[in-house]
Amino acid sequence: MEDKKKIKKVFTAWNMNELEKAFDLTELNTNKHLQNLLNTEVELTDFENQNLKYYLKMSANKMKQWNEQELITKFIGPMISLVNFDTPDFNYFAERYISAIVGDYEMLGRADGMIATGKWEPEIPFFFISEYKREVEPRRNPMAQNLAEMIVAQKLNNNKCPVYGAYIVGKQWHFMILEGKTYTVSNAYVATRDDIFDIFKILKNLKTTITEILKKMKAQKEEKIKS
C-alpha cells in the first residue's frame, strides 16, 4: 500500500487554529514546568546587572526606531551572548534549517534562534526564539511560528521532555512550553522596563533547565543499557 503523501508546510505558513486542529493541541492556562522556569529565583552578577542597565537605557530610547534585524543585533543577540548558551553539551544556533515529519505534515523552515545539542549543526532542540518587529504581520503569526518549531522539536526528541520557546514582538517577550498535546503561553514581559531583569533571569534559568534535562536523558539512557 502506497504511503499517503505528506503535506509540506513551512513554519511561517501556520496559524494557531490550523496547529490546534492538525495536532490535537489544547492550550492550558498554567504549566508547572513553565512556572518553574519563570519563577525560580536566579542571582545576577554585578557584570550582568551593569550590562542589563545599559541595554535597558539603550532600548528604552531606541527600540521603537529599530527594524527587525536591528532588534536582533542590538538587543536580542547581546542578551543571548550575556547568558552564554554555548556549552560542551548544547549551543545557541541562529537561522538554522530544521524539519521533521509529524503526522500528515512535513514541517520545515529556518528558526530565528534555537538551543540544541550539536557542535556544528543543531541535533536535538529544546528551545526556540522567534523575533518580529510588529505585532501584526500580513502573513505571519509569531506565536504559531514558534509553536510549529516546538512541535518539530518534540518529534526530534521523541517527546522525552517539555519543549520551550519564546516569541518576541518588539519590546514584548512571551515564553511558551509544549508538553505532550498541551501548550501554555506566559504573559508579556516588556523589555523596555525593569522586566528586562526578569527576562534575563528566565534565560539563565533556561540554561540550567536544559542542563538538567540532558543529565536526566543521559541517566535514562545508561539505565536502559544496564537493563
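No lab work stands behind these numbers, since they all come straight from the coordinates. Values in this document were obtained by computation on a predicted structure and should not be read as measured data. Methodologically, a virtual Cβ is constructed for each residue, glycine included, from the backbone with ideal geometry; neighbour enumeration extends over all protein chains shown.
Just to confirm the number: angle between the C-alpha axis of helix 195-226 and the first principal axis of the chain, 0 to 90 degrees, nearest 10?
Relative to the chain, helix 195-226 is tipped by roughly 30 degrees.
For GLN50 and LYS216, calculate 0.36 nm times their separation in residues minus their Cα-Cα distance, and state this gained length in nm to one decimal.
Working: separation 166, 0.36 × 166 = 59.76 nm, distance 3.43 nm.
The GLN50-LYS216 span can extend by a further 56.3 nm.
Positive end of the dipole of the chain, charges at C-beta (+1 Lys, Arg; -1 Asp, Glu), about the Cα centre: which of GLN35, ASN49, LEU214 has its Cα farthest in that direction?
LEU214
At most 12 other Cβ atoms within 10 Å and a DSSP loop assignment: could you name the GluC sites (Glu not before Pro) in the stretch 126-227 that fit?
Details: sites: GLU131, GLU135, GLU149, GLU179, GLU212, GLU222, GLU223; in loops: GLU135.
Those satisfying the criteria are GLU135.
Could you calculate the contour length gain from ASP104 to ASN15, that is, 0.36 nm times the residue separation minus the distance between their Cα atoms, to one decimal place in nm?
On the way: separation 89, 0.36 × 89 = 32.04 nm, distance 1.64 nm.
Extra length from ASP104 to ASN15 when fully extended: 30.4 nm.
Could you work out the local net charge near LYS155, counting Lys and Arg as +1, Asp and Glu as -1, over the other residues with Cβ closer than 12 Å to its Cβ?
On the way: positive: LYS160; negative: GLU106, GLU149.
It works out to a net charge of -1.
How high is the relative contact order of the chain? Use alpha-carbon pairs under 8 Å, at least six apart in sequence, and give a whole percent.
On the way: 359 pairs, mean separation 56.9, N = 227.
For the chain, the relative contact order is 25 percent.
Mean shadow of the stretch 186-227, computed from the convex hull of its alpha carbons, in nm²?
Orientation-averaged projected area of the Cα hull: 3.4 nm².
What is the sum of charges, Lys and Arg at +1 and Asp and Glu at -1, for the other residues whose Cβ falls under 14 Å from the Cβ of ARG193? Each step should come with its number before you reach the end.
Values: positive: LYS53, LYS57, LYS64, LYS171; negative: ASP194, ASP195, ASP198.
My count for the surroundings of ARG193 gives +1.
Using a cut-off of 22 Å between alpha-carbon atoms, which lysines can reach LYS119, once sequence neighbours fewer than 8 places away in the same chain are excluded?
Reachable lysines: LYS155, LYS160, LYS204, LYS207, LYS215, LYS216, LYS218, LYS221.
Starting from the 7 Å offset along Cα-to-Cβ, what nm value, one decimal, do you get for the label separation of ALA94 and LYS119?
Between ALA94 and LYS119, the simple spin-label model gives 2.3 nm.
Hey, got the dipole for the chain? About the Cα centre, +1 on K and R Cβ, -1 on D and E Cβ, debye to the nearest 20? Mind showing how you got there, number by number?
Values: 33 positive and 31 negative charges, 38 e Å.
Using Cβ point charges on Lys, Arg, Asp and Glu, the chain gives about 180 debye.
ALA219: net charge of surrounding residues, Cβ under 13 Å, Lys/Arg +1, Asp/Glu -1, itself excluded?
Numbers: positive: LYS160, LYS215, LYS216, LYS218, LYS221, LYS224, LYS226; negative: GLU212, GLU222, GLU223.
Result for the local shell: +4.
Give a quick list of chymotrypsin sites (Phe, Trp or Tyr not before Pro) in the stretch 119-227 that DSSP marks as loop, anything other than H, G, I, E or B, with at most 13 other Cβ atoms within 10 Å.
TRP120
Straight-line reach from LYS53: which aspartates and glutamates fall under 12 Å, measuring Cα to Cα and dropping same-chain residues less than 8 apart?
ASP194, ASP195
Within the stretch 7-226, what percent of beta bridges assigned by DSSP are antiparallel, to the nearest 5?
Values: 28 of 40 bridges.
Bridges in the stretch 7-226 that DSSP calls antiparallel: roughly 70 percent.
Per DSSP H run of at least 4 residues, take -39500 (n - 2.57); add these up for the chain, divide by its residues and hand me the 222 nm value, nearest 500 deg cm²/dmol.
Values: 7 runs with 91 residues, N = 227.
Rounded to the nearest 500, it is -12500 deg cm²/dmol.
³J(HN,Hα) across the stretch 24-40 via Karplus (A = 6.51, B = -1.76, C = 1.60, θ = phi - 60°), whole Hz, x for Gly/Pro?
6, 8, 10, 8, 10, 6, 9, 8, 4, 5, 5, 4, 4, 5, 7, 10, 5
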